[in-house]
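Structure record follows, encoded as structure tokens.
Bear in mind that the values in this text are calculations on the coordinates, not laboratory data. Since the structure is predicted, the reported quantities are computational estimates derived from the model, not experimental observations. In this analysis, Cβ positions are derived from the backbone assuming ideal geometry, glycine residues included, and neighbour counts consider all displayed protein chains.
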Amino acid sequence: MIDKDEYPPEETTSSSSDYSVVFRLDSRSGVPTYLQLVQQVESAIRLGYLRLGDQLPRIKDVVASLSINPNTVLKAYRELEHKGLIGGQPGLGTFVTAVPETVGLAELTALRRSLVNGWLREATSTGLDEDGIVALFTSALGDFRSRANEDQSTPRTRRASSAKTGGAA
């Protein structure tokens, strides 16, 4: 879970509530803490909550708010830096340096709303719990990717066989 104020502060101060993101940890997830931080920043960037130039919370502020080891936050930030998403500026902080292309925030909001009010509501009403929903969604996403890959390879296969037969199929 990651939070972002609707109207981020004009000036950055040392208060952790002034940063544009607030990290949340799930101790029951089985995902290492540093990876949870990495995933939350990546998601926030992909969903448009973090934009180019936005500052991430200082390591000491994350440590204080989550009661975790500073090396855990440092490891997460290093991973994000290795991925080319963030960069540190000595004396100033850590900032988002790259954002992948994605759809606009309005489109994402509409998609999220339709997912929450449609499919997720229906899945919950049938009796699926969160783990069941995740498993079903993951399975469906795998099927979708598989079909997309098949659709992309089909025209090439047709072209290759028609070339071998001189254009006659």
For a Förster distance of 35 Å, can you work out the FRET efficiency between the beta-carbons of residue 110 and residue 29, rounded to the nearest 0.05? 0.80
Taking θ as phi - 60°, what are the ³J(HN,Hα) couplings along segment 45-58 by the Karplus curve (6.51, -1.76, 1.60), each to the nearest whole Hz, with x for Gly and Pro? 5, 4, 8, x, 6, 10, 10, 3, x, 5, 8, 7, x, 5
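At R0 = 30 Å, how high is the FRET efficiency between residue 144 and residue 74 if r is their beta carbon distance? Nearest 0.05 is fine. All intermediate terms of the calculation are to be shown ahead of the outcome.
Working: r = 37 Å, r/R0 = 1.23.
Computed FRET efficiency for residue 144 and residue 74: 0.25.
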Kindly put 26, 54 in sequence by how many other C-beta atoms sit within 10 Å of each C-beta, fewest to most. 26, 54
Amide H within-cut-off set for residue 86, under 5 Å, with H built and near neighbours excluded: 81, 97
